[in-house]
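Undergrad: Right, I'll just put the structure down here and ask away after.
The values are calculated or read from the model by the stated rules, or taken from the named source; none is laboratory data. All values reported here derive from a predicted model rather than from experimental measurement. So basically every Cβ, Gly included, is an ideal-geometry build from the backbone, and we count neighbours across all protein chains shown. Side chains included, ligands, DNA and RNA excluded: accessible areas come from the protein's heavy atoms. Shrake-Rupley method; radii C 1.70, N 1.55, O 1.52, S 1.80 Å.
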Amino acid sequence: MGETYRYDAFISYRHVEPDRKWAKWLHKALETFKTPKVLVKKGIAPRIKRVFRDEDELPASADLSTEIDTALTQSRFLIVVCSPRTPESEWVNQEVVRFREMGRHDKILALLIEGEPAESFPRALCEIRTEITDEHGEVREHIEDVEPLAADVREGRDEATGFLKRMALLRSAAALLGCRFDDLRRRQAERRKRVLVSVGAGLAALVVGLTGLTVYALKAKDEAEVARVEADEARLGEKAAKERAIADGVRLADLSALGRVLVAAENLFPASPGDVAEGMRVLSEAEAAIVRIPDHRDEHDRLASRNSAKDKGSLRLLQDIARDGKRVTSGALETLASRFKPSAEWNDEGLWQAAITAIQDERANPIYGGYKVPGPQFGLLPVAQDPHSRLFEFAHVYSGDVPKRDPASGEIVKIDDMGVVFVLIPGGTFWRGATKEAGRNHDEHADSDEAPPHEVTLSPFFVAKYECTQAQWARLTGGEQPSWSFKRVDGFSALNPVEHVSWGDCAGKPGWLVGYGLELPSEAQWEYACRAPFDARGARDDAYTPWSGVADEKLLLDVAWTEANSGGRRHPVGEKAANRFGLHDMHGNVMEWCQDWHGGEYYKVLARSSTADRTDPAGPEGSGDRVTRGGSWVLSAKTARSADRTWSTPGMRTFYTGFRPARSVTSD
């Protein structure tokens, strides 16, 4: 059996004029309202019971009075009279909060007498606050936005005040009686017509002895008035339908624009040159739609407050716009912009053609051997030649700002916001691996999986000048910082190499590296870039040293951070001297993931293979571990050797393992 209440409704309002006047009117109108007999026969209550409205301003107190709290508890519905003055009343807000605490969220109505909903509804009327316990057992506050059912009696609209008051009364009464508003409105309209007919009949009876002409005149007048009202209603209905169709067309266009952003954020990834124009068009349309979202929100509140069946389609559109707009502005728009705006802004074909011509000039740049870059590389911008290596360098526009060079030294000026700097590595052939046996690439520290040394030929490719920094990782992934040094704070710098990342974090599918045109270097590319076996004139140097150009472990301290000199911490990238290709930290600082699976017997198999198999080798077929290279700040100089091969499972994360981005030269 359901609960019994002393009051059908509690009227909450600000005790100032005209709010008090409207509260008094509503109180009297509800308590004198009579349910149409047709509805009473269907089981609807014949009239509304008592309605509570406190007469006096509440006393100066932090809490609701006992009388008010008791009345709220004993009321089935809460009706809030709303105007721009209402949110200033802490008492009204407390009454709404108290009513919600009793679990009657769906029994709250609003009467909007002035102003817009956003400025007239008290805070508690538009949100439900609850405490929830998350998966970690922590209690936090959850806020749910709600749209109160409202009746609108604001002046200055097309309808007369009397009509608005009548509609507001019917909406409120329908909720309290538990019947449909349309049924109540239709029965009330029929009752009014019967009253008019009765009045006309009574007048006719009074003058029947005087003249029959008067009766016919009154009847004709009544019929003419009814016809005029019906014609006006039809005309206004047709006009409203046209206006609603036009407005819904704009809303549908905006909803489509927002939807295209969500689709593009999922599907236009990885970004390609052909996607830029489409991506920028989608961005432009969505940005225009976002500007109109506040207007859509206001219109939603207005339509919801009048609760007309004719507005249901428009309300659904506006609710969908609010939903997709929130998703778009919460990340999808920013994600899409990060993929296309940099390429659109930095699409400098003139700069690229100059770089392609210079690289192909064999006399000026013999190290490239006349190589012609197939065309502009998507997402890269030519920066300049390194003054020492004479190799060309390029800025990756997605990962940060285009770096600048020091005018005096020509060196890159390293700042937190700089993007990845790529070096175009010339193609060539070199001897990979090492062995303890006498002969080529002899190294007393060599392990069995480094042997036998074998020739490998590589095509030109791009590799990062520095290890990926923590700032670059954060910009590209949009996620939290995984690095141990970031969490520990000690010795932290945004230019520290990112670490505590797994192979899967970097290159797993679908991976963010691929999405931004990046990849991990193959093991062959990494060792070739580390050894740097050509000088700036293009002369090949096959002389083997355990480290890039360094044979003495003591001299390694000039180019690497290892356990011998790191001071027990990582260091910002690029503090040590570069190798012949202009690459920093190829030895030490953090160990670097490679693309390849590790295979203990792989070199032996490859050494017996054809030259074709040893051209751009992709490593052995899948096994349990991925290759890491270069040693680190916590390991010995031995593990930092150019030929040393270490490995880890793809999901492993350590505080000394990071990566160095690479990318292929593309022809599109």
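Undergrad: Report yes if some residue within region 173-189 is modelled with pLDDT under 75 and of a type in the set (Gly, Ala, Ser); otherwise report no.
TA: yes
Undergrad: Suppose we filter 590, 665 for residues that are touching a strand residue (DSSP E or B) at 6+ places or on another chain (Cβ under 8 Å), within 27 Å of residue 367 (Cα to Cα) and of a type in the set (Val, Ile, Thr); which single one remains?
TA: Values: 590 fails: within 27 Å of residue 367 (Cα to Cα).
Checking each option against the conditions leaves just 665.
Undergrad: Mind checking which residues of region 346-371 are exposed (fewer than 13 other Cβ atoms within 10 Å of the Cβ) and of a type in the set (S, T, N, Q)?
TA: Listed by number, the list holds a single entry, 357.
Undergrad: Something else about it: Check residue 340 against each of (1) open to solvent by 20 Å² or more (accessible area, probe 1.4 Å); (2) at pLDDT below 85 and name the one condition it does not meet.
TA: Every listed condition holds for residue 340 apart from (1).
Undergrad: Continuing with this model, one more query. Within region 277-292, can one find any residue that is at pLDDT 85 or above, in a helix (DSSP H, G or I) and in contact with a Ser or Thr (Cβ under 8 Å, 6 or more places away or on another chain)?
TA: yes
Undergrad: Is it the case that residue 448 is within 24 Å of residue 547 (Cβ to Cβ) and among the polar types (S, T, N, Q)? Working first, answer last.
TA: On the way: within 24 Å of residue 547 (Cβ to Cβ): yes; among the polar types (S, T, N, Q): yes.
Yes, satisfied.
Undergrad: Out of region 131-148, which residues are surrounded by 10 or more Cβ atoms within 10 Å (Cβ to Cβ) and more than 25 Å from the chain's Cα centre (by Cα)?
TA: Of everything in region 131-148, just one residue is surrounded by 10 or more Cβ atoms within 10 Å (Cβ to Cβ) and more than 25 Å from the chain's Cα centre (by Cα), namely 148.
Undergrad: Within region 21-47, track down each residue that is under 25 Å from residue 97 (Cβ atoms) and either buried (at least 17 other Cβ atoms within 10 Å of the Cβ) or within 45 Å of the chain's Cα centre (by Cα) (or both). Please lay out each step first, then the result.
TA: Start the filter on region 21-47 by keeping residues that are under 25 Å from residue 97 (Cβ atoms), which leaves 22-24, 26-27, 30.
The answer is 22, 23, 26, 27, 30.
Undergrad: If you don't mind, there's one more thing I want to ask. Within region 372-420, take every residue that is among the small types (Gly, Ala, Ser) and open to solvent by 50 Å² or more (accessible area, probe 1.4 Å) and give me the one that is nearest to residue 470 (Cα to Cα).
TA: To start, the set of residues in region 372-420 that are among the small types (Gly, Ala, Ser) comprises 375, 379, 384, 389, 395, 399-400, 408-410, 419.
When the remaining residues are screened for being open to solvent by 50 Å² or more (accessible area, probe 1.4 Å), the result is 408-409.
Working: 408: 28, 409: 26 Å.
It comes out as 409.
Undergrad: Could I ask something else about it? When region 587-601 is examined, which residues are found to be assigned to a loop (DSSP other than H, G, I, E, B) and open to solvent by 30 Å² or more (accessible area, probe 1.4 Å)? Outline the logic, then answer.
TA: First, pick out the residues of region 587-601 that are assigned to a loop (DSSP other than H, G, I, E, B): 587, 589-590, 598-601.
Within region 587-601, 600, 601 qualify.
Undergrad: Quick one: count up the residues across region 542-563 that are open to solvent by 60 Å² or more (accessible area, probe 1.4 Å), farther than 20 Å from residue 463 by Cα and touching a residue at least 12 places away in the same chain (Cβ under 8 Å).
TA: Going through region 542-563 one residue at a time, the tally reaches 4.
Undergrad: Taking the stated definitions as given, is residue 431 crowded, with 23+ Cβ neighbours inside 10 Å, not small (Gly, Ala, Ser) and not in a loop (DSSP other than H, G, I, E, B)? First the steps, then the outcome.
TA: Details: crowded, with 23+ Cβ neighbours inside 10 Å: no; not small (Gly, Ala, Ser): yes; not in a loop (DSSP other than H, G, I, E, B): yes.
It is false that residue 431 is crowded, with 23+ Cβ neighbours inside 10 Å, not small (Gly, Ala, Ser) and not in a loop (DSSP other than H, G, I, E, B).
Undergrad: Limited to region 464-490, what total is found for residues that are at pLDDT below 80, assigned to a loop (DSSP other than H, G, I, E, B) and of a type in the set (D, E, K, R)?
TA: Within region 464-490, residues that are at pLDDT below 80, assigned to a loop (DSSP other than H, G, I, E, B) and of a type in the set (D, E, K, R) number 2.
Undergrad: In region 49-70, which residue that is buried (at least 19 other Cβ atoms within 10 Å of the Cβ) and not in a strand (DSSP E or B) is modelled with the highest pLDDT?
TA: Step one: filter region 49-70 for residues buried (at least 19 other Cβ atoms within 10 Å of the Cβ), giving 51-53, 68.
From the residues that got through so far, the ones that are not in a strand (DSSP E or B) too are 53, 68.
On the way: 53: 91, 68: 88.
Per the stated criteria, the residue is 53.
Undergrad: Go through the residues of region 437-454 one by one and say whether even a single one is in contact with a His (Cβ under 6 Å, 6 or more places away or on another chain) and open to solvent by less than 60 Å² (accessible area, probe 1.4 Å). Break it down stepwise before answering.
TA: Quick first cut of region 437-454, residues in contact with a His (Cβ under 6 Å, 6 or more places away or on another chain) only: none.
Within region 437-454, not a single residue is in contact with a His (Cβ under 6 Å, 6 or more places away or on another chain) and open to solvent by less than 60 Å² (accessible area, probe 1.4 Å).
Undergrad: Continuing with the same structure: Which residues, counting only those in region 636-664, are over 18 Å from residue 584 (Cβ atoms), part of a loop (DSSP other than H, G, I, E, B) and out of contact with any Phe, Trp or Tyr (no Cβ under 6 Å at 6 or more places or on another chain)?
TA: Result: 636, 643, 644, 645, 649, 651, 652, 653, 654.
Condition check ((1) over 28 Å from the mean Cα position of the chain (by Cα); (2) not in a strand (DSSP E or B)) across all residues:
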site	(1), (2)
415	no, yes
422	yes, no
445	yes, yes
493	no, yes
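Undergrad: I would also like to ask the following. Could you list, in sequence order, all residues of region 612-649 that are open to solvent by 40 Å² or more (accessible area, probe 1.4 Å), within 17 Å of residue 521 (Cβ to Cβ) and aliphatic (A, V, I, L, M)?
TA: Within region 612-649, 618 is the sole residue that qualifies.
Undergrad: Now, a different point. If only one of 318, 333 is at pLDDT 85 or above, crowded, with 17+ Cβ neighbours inside 10 Å and of a type outside the set (Lys, Arg), which one is it?
TA: Numbers: 333 fails: at pLDDT 85 or above.
Every option except 318 fails the conditions.
Undergrad: Can I ask one more? Which of the following residues is at pLDDT 70 or above and in a helix (DSSP H, G or I): 166, 154? It would help to see each step written out before you state the result.
TA: Values: 154 fails: in a helix (DSSP H, G or I).
The unique qualifying residue is 166.
Undergrad: Take the residues in region 257-276 that are closer than 21 Å to residue 322 by Cβ and surrounded by fewer than 14 Cβ atoms within 10 Å (Cβ to Cβ), then tell me which one is modelled with the lowest pLDDT.
TA: So the first thing to find is which residues in region 257-276 are closer than 21 Å to residue 322 by Cβ, and the list is 257-266.
Retained after the next criterion (residues that are surrounded by fewer than 14 Cβ atoms within 10 Å (Cβ to Cβ)): 263, 266.
Details: 263: 81, 266: 68.
My answer is 266.
Undergrad: Moving on to the next point. Kindly indicate the residue of region 73-129 that is open to solvent by 60 Å² or more (accessible area, probe 1.4 Å) and in a strand (DSSP E or B) and also farthest from residue 143 (Cα to Cα) among those meeting that condition.
TA: 76
Undergrad: Ok, one more. Looking at region 602-622, can you tell me whether even one residue there is aromatic (Phe, Trp, Tyr) and outside any helix (DSSP H, G or I)? Steps first, please.
TA: If we filter region 602-622 for residues that are aromatic (Phe, Trp, Tyr), which is where we start, we get 602-603.
Okay, now just the ones that are also outside any helix (DSSP H, G or I), so none.
No, because not a single residue in region 602-622 is aromatic (Phe, Trp, Tyr) and outside any helix (DSSP H, G or I).
Undergrad: What are the residue pairs meeting all of these: first residue in region 508-529, first residue charged (D, E, K, R) and modelled with pLDDT of 95 or more, second residue open to solvent by 10 Å² or more (accessible area, probe 1.4 Å) and not in a helix (DSSP H, G or I), Cβ atoms under 6 Å, and 6 or more apart or on different chains?
TA: Within 6 Å, the pairs are 523/619.
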